[in-house]
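The values are calculated or read from the model by the stated rules, or taken from the named source; none is laboratory data. Computed from a predicted structure; not experimentally measured. Cβ coordinates were reconstructed from backbone atoms using ideal geometry, including for glycine residues, and neighbour counts include every protein chain displayed.
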Amino acid sequence: MNEHDKLFKEIESVKENAADLIRSVFPKEILKEINLDSLQLDNNSYVDKQLKEHYTDLVYNCKRKDNHCVTVTLLFEHKSFKPKNEYLQLLRYMINIWSYQEKNGEDITLIVPIIFYHGKQGWKIVPFKENFIGNSNNFYRFILDFDYILTDIFRYDDEIKRRGQA
């Protein structure tokens with residue numbers, strides 16, 4: 001884990017900081033449905049050997065307004081470039097969480113993955129189904145469809161530097 005990730009993980013391990021971060025990156029319509037007062041740090045890591053070279057994680061659980069659990073994953077991307085297919089990495093990570101929950105007799109929870117990226121190259125989110133070019137709409141029902149929240153830390157670094165010079 002690099003120094004950037006260590007510092008970020010240390011800061012975001014504090015519940016109040018994590019709640020502020022979630023408030024700043026979650027879409028407003030989702031924020032209306034969750035209770036950030038119920039936010040609790042999950043001390044487990046779900047990053048396996050295959051994911052370890054790419055990610056460090058921090059996992060929080062909180063309740064939706066209807067009292068069902070939501071798992072919020074804060075994933076720190078170690079690479080300085082966008083992975084070829086982040087959806088496969090995210091799916092592997094989500095399966096690790098769900099497998100752990102199932103093994104421990106827990107209900108599986110909704111997972112909201114947030115990727116914190118600090119590379120110099122831009123990262124544009126492209127829907128997973130766009131990897132499957134040339135298929136008719138009849139086949140799209142067989143393709144997983146999920147999203148993630150991307151926070152480009154490199155962009156914020158530039159913003160902070162500009163503000164410091166003003």
For this session: Inspect all residues belonging to segment 89-111 and state whether any of them is closer than 14 Å to T151 by Cα, modelled with pLDDT of 90 or more and of a type outside the set (S, T, Y).
Result: no
Problem set entry | Scan of segment 8-54 for residues that are aromatic (F, W, Y) and within 19 Å of T109 (Cβ to Cβ), ordered by number | F26, Y46
